[in-house]
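Questions regarding the structure given below will be posed in turn.
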Amino acid sequence: MLISWELLKDFIDVGVSPEEAAERLTLSGAEVEGLRRTAGAMRGVVTARIASLEKHPTQDRLAVARLDVGDGRQSLCITSAVNMKQGDLGVYAPHGSDLPDGTELGMRDFFGVDSAGMMLSAEELGLPDVDSPEGLLILPPDAPVGVPAEALYHLGDTVLDVSVTPNRGDLLSIWGIARELRGLFPDAKLNAPRCLEGQASGDDRDWPDAQQFGAISLPDPGCLCYHLGLATGVAMGPSPLAVRVALAHMGMRPISNIVDATNYVMLVLCQPLHAFDLNTLP
């Protein structure tokens, strides 16, 4: 079970390092087989805004981007990406910085124009499934400028690889690991997911008669209960960047906001979900 430390902290604050928590889990029987730093060797990579964008003087396939990297500083960068425009925010690896795989960037001449480092795609950040590998990773418009990239959207996470034994199915979720850590660190505070707060308060809404879905049955005696909810007015699209990053860190490929929501809930609560299109149900 891959556990995102940053996501886990949303549900419990143990006040210790991931290494100490992993050691305590292992000693209690939930062996942590490894810890992985998702940022790897990344150093000096920052967020930047495209202040201006012009065609390369001699190469039609290249563009010259003047980047605002904060505090009034600017850098010049050459890129072949086509999914960007002036004003976009991205991730920039300047001259002297290191990529997650350890590659050190420097100055490079592109047909007579010097490029100080490069703007990065999701693949170059070690997250090929988070966004299209052909273009730059475009950040949300409210992202700050000139801050270390690993500090945003959980890019700099620690992933715990927990070996869960067959008798501990309760540990196959973020919430299960959080409860286990609460037992190991008595002073830690649990933050229950809001959906569980609704259960605790006895929230039991009745569905309108028009949405009883009478054509759905449960022929398998092993399934004692099946809940079906309804969400209307939902627009398909990509999930927020932090959600896509968290899913990728835990071994899931982001698909869309609908599919990602079901996978997110499954990883947090160990509750499998599936989304149906209302128009396809009898």
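The values are calculated or read from the model by the stated rules, or taken from the named source; none is laboratory data. In this text, all values refer to a predicted model and were calculated from it rather than measured experimentally. Don't worry about glycine lacking a Cβ; one is built from the backbone with ideal geometry, like all the others, and counts go over all protein chains shown. Each accessible area value is taken on the protein alone, full model and side chains, heavy atoms only, with ligands, DNA and RNA left out. Shrake-Rupley method; radii C 1.70, N 1.55, O 1.52, S 1.80 Å.
Can you pull the percent of the chain's accessible area that's carbon plus sulfur, 1.4 Å probe, other chains left in place?
51 percent
Going from the alpha-carbon gyration tensor of region 73-151, what semi-axes, largest first and in whole Å, does one get by taking the root of 5 times each eigenvalue?
Each semi-axis is the square root of five times an eigenvalue, giving 19, 15, 14 Å.
Follow-up question, since we're still on this one. Hey, can you find the accessible area per residue of the chain for me, probe 1.4 Å, expressed in square angstrom?
Value returned for the chain: 57 Å² of accessible area per residue.
I've got another one for you. Normalise the Cα radius of gyration of region 8-74 by 2.2 N^0.38 Å (N = residues in it) and let me know the number.
In units of the 2.2 N^0.38 Å rule of thumb, it is 2.01.
Now for a separate question. Once Lys and Arg get +1 and Asp and Glu get -1 on their Cβ, which of 240, 252, 79 lies farthest toward the positive end of the dipole of the chain?
Farthest towards the positive end: 79.
Helix 174-184 versus the longest principal axis of the chain: what is the Cα-based angle in degrees, 0 to 90, to the nearest 10?
Long axis of 174-184 versus the principal axis of the chain: about 80 degrees.
Once amide H atoms are placed 1.01 Å from N in the peptide plane, what residues at a sequence separation of 5 or more from residue 139, or on another chain, have their amide H within under 5 Å of its amide H?
89, 90
Any aspartates and glutamates with Cα under 14 Å of the residue 189 Cα? List them, leaving off those in the same chain fewer than 8 positions away.
Result set, ordered by chain and number: 10, 13, 180.
In nm, give the distance between the simple-model label positions of residue 227 and residue 266, each being 7 Å from the Cα along the Cα-to-Cβ direction.
Distance between the two pseudo-spin positions: 1.7 nm.
Determine the order of 137, 27 by accessible area, beginning with the largest, at a probe radius of 1.4 Å.
The ordering from most to least exposed comes out as 27, 137.
Note down the accessible area of residue 24, probe 1.4 Å, to the nearest 10 Å².
Counting only protein heavy atoms, residue 24 exposes about 90 Å² to solvent.
So if each residue of separation counts as 0.36 nm, and I subtract the Cα-Cα distance between residue 151 and residue 190, what length gain in nm does that give?
Between residue 151 and residue 190, full extension yields an extra 11.7 nm.
Using 7 Å Cα-to-Cβ label points, what is the residue 66/residue 280 separation (nm, one decimal)?
It is 5.0 nm.
With only alpha-carbon atoms counted, please give the Rg and Dmax of the chain, in Å.
When restricted to the Cα atoms of the chain, Rg and Dmax are 23.0, 72 Å.
Using a 1.4 angstrom probe on the protein heavy atoms only, line up 78, 258 by accessible area, largest first.
Ranked from most to least accessible, the order is 258, 78.
Starting from the Cα of residue 129, step 7 Å toward the Cβ, then list every residue of region 237-277 with an amide N under 12 Å from that point.
In region 237-277, the label zone of residue 129 (backbone N under 12 Å from the point 7 Å along Cα→Cβ) covers 244-256, 260, 263-264.
Starting at the first residue of region 114-125, write each ³J(HN,Hα) from the Karplus equation 6.51 cos²θ - 1.76 cosθ + 1.60 with θ = phi - 60°, in whole Hz, x for Gly and Pro.
7, 10, 8, x, 7, 7, 10, 8, 4, 5, 5, 8
Protein chains only, probe 1.4 Å: how do 92, 264, 226 rank by accessible area, largest first?
I get 226, 264, 92, largest accessible area first.
Which value, in Å² and to the nearest 10, is the accessible area of residue 124 when all protein chains are kept and the probe is 1.4 Å?
70 Å²
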